[in-house]
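Have a look at the structure below before the remarks.
The values are calculated or read from the model by the stated rules, or taken from the named source; none is laboratory data. Given the structure is predicted, the values throughout are model-derived calculations rather than measurements. Cβ placement follows ideal geometry from the backbone for every residue including glycine, while neighbour counts extend to all protein chains displayed.
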Amino acid sequence: MSEVVNCDGSVTEKSANELVFVPRAELVKKTVARLSGGRRVFTVTDENVARLHPELLPERDVCVLKAGEDSKTFSSAENVCRKMLEAGITRGAIVVAVGGGVVGDLAGFVASVYMRGVEFINVPTTLLSQVDSSIGGKTGVNLDGYKNMLGAFKMPTSIVICPEVLSSLPEREWRCGMGELIKTAALEPELYAFVTQNINGLMEREPSAVEKAVKAAASFKKKITDDDPTEKGNRMILNLGHTVGHALEKCDSHKLSHGEYVMLGIELELYMTQNSDSDFRDSICALLKKAGTPELPRFAAEEVCFAAKSDKKNTDGKITLLGELGAGKVFVSKVTNSEFVERYKAAVKIFDERRHSAKGKRE
Ligand SMILES: NC(=O)c1ccc[n+]([C@@H]2O[C@H](COP(=O)([O-])OP(=O)(O)OC[C@H]3O[C@@H](n4cnc5c(N)ncnc54)[C@H](O)[C@@H]3O)[C@@H](O)[C@H]2O)c1
């Protein structure tokens, strides 16, 4: 909860990180206008969303970015700020992100620094952003290929989620979102049971299954991030698979999508953390496979280790890996560089054996 002191001295309580579910795309614009309470709005989106979903965007003050991870840079953030300045946007305005995680992370970062901070509303339009990236106030941009190296915690006041807009998502982006959904499900037993039972419906985008899973995953992340907004404790569990995922993303220069690296990262990190409960681990990996884990890009373990060393979660010169104990319990494992290299090599071997035996069974 944050507080706003009005001119007459009265205090309005204002909820932050509030989830607002909207059933139809045509209602999104109206909902954002209502939440903005008549204040001026500056909208950030990308070219695909602008083309496919003009109904989500207002008539004026819209900044359209090039789609994709390459837009998540300090210089793009600077350009957006410049456009805001040129448009006469002042401190009382609201920045609204309408797009996937790239738009949300960048616009949130802009909202955190423009004139020392303006209010922020997020309208996520990818599965990944609806179940994960739009919630909890992590914003930022990449630096020299390293993920989210510059950033700030900027809690959106509201997150407006409309699963209907997901129908236009390309197949590959759907799979990426499924990776983050399965990660969240691995942390929440009830959601895990639902995703396991409905994996085919989810992959076929059956509306009621999608709506239920999005609501449950978003609400779970909201609860975790409300309790630990700046990741001093339990919020860390949401990083399952992200140390290795981000390291691969850096080594591979973002050739795949973030969600695809996360899928690979979850599987490899589960193999790298030996305490993982093997039945549960196998069941997560089977779900990821159904969702379409991509081919593993090949890099020397030392190279992946070098990239992982810059991860923000690391402490005491050790690399942080997360393992899954089952039933939503995660443990943290701190490893030295040489342990990382050894475990990464062993994990890739298991990864390959599993792909090989699955191929053998099909032939
Ligand atoms: N802040 C956080 O807590 C957090 C958590 C996880 C991931 N992330 C970040 O999120 C980013 C990945 O997010 P993403 O996968 O949403 O990527 P993205 O924003 O690049 O979107 C993926 C693609 O889908 C397109 N798109 C968006 N909405 C669409 C729609 N409704 N229909 C058709 N196409 C649409 C986009 O134009 C883009 O081409 C990464 O930068 C990652 O680091 C942040």
Going through LEU256, LEU287 one at a time, which residue ends up being in contact (Cβ under 8 Å) with a residue 24 or more places away in the chain, under 27 Å from ILE161 (Cβ atoms) and in a loop (DSSP other than H, G, I, E, B)?
LEU256
Give just the number: which of (1) near the ligand (Cβ under 9 Å from one of its atoms); (2) surrounded by fewer than 16 Cβ atoms within 10 Å (Cβ to Cβ); (3) modelled with pLDDT of 95 or more does ARG172 not satisfy?
(3)
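Yes or no: ARG354 out of contact with any Cys (no Cβ under 6 Å at 6 or more places or on another chain), more than 30 Å from ASP144 (Cβ to Cβ) and either assigned by TED's automatic domain parsing to the domain that holds GLU69 or among the basic types (Lys, Arg) (or both)?
So ARG354 fits the description; yes.
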Residue check, ILE121 against (1) away from the ligand (no atom under 11 Å from the Cβ); (2) over 17 Å from the mean Cα position of the chain (by Cα), all met but one. Which one?
(2)
Assess whether CYS305 counts as being at pLDDT 90 or above, surrounded by 15 or more Cβ atoms within 10 Å (Cβ to Cβ) and more than 22 Å from LEU143 (Cβ to Cβ).
no
So GLU164, is it closer than 21 Å to LEU19 by Cα and surrounded by fewer than 21 Cβ atoms within 10 Å (Cβ to Cβ)
yes
Residue identified as of a type outside the set (Asp, Glu) and under 18 Å from the mean Cα position of the chain (by Cα) among VAL304, VAL262
VAL262
Name the single residue that is surrounded by the most Cβ atoms within 10 Å (Cβ to Cβ) among those in region 99-110 being touching a residue at least 60 places away in the same chain (Cβ under 8 Å) and assigned to a helix (DSSP H, G or I).
ALA107
Hey, can you tell me all the residues within region 126-165 that are closer than 17 Å to GLY259 by Cα, in a helix (DSSP H, G or I) and within 6 Å of the ligand (Cβ to nearest atom)?
LEU128, SER129, ASP132, SER133
Within region 116-135, is even one residue touching a Phe, Trp or Tyr at 6+ places or on another chain (Cβ under 8 Å) and not β-branched (Val, Ile, Thr)?
yes
Run down VAL123, VAL113, VAL96 and say which single residue is on the phi < 0 side of the Ramachandran plot and either assigned to a helix (DSSP H, G or I) or surrounded by fewer than 20 Cβ atoms within 10 Å (Cβ to Cβ) (or both).
VAL113
Name the residues in region 133-174 that are under 25 Å from ASP227 (Cβ atoms) and of a type in the set (D, E, K, R), would you?
LYS138, LYS147, LYS154
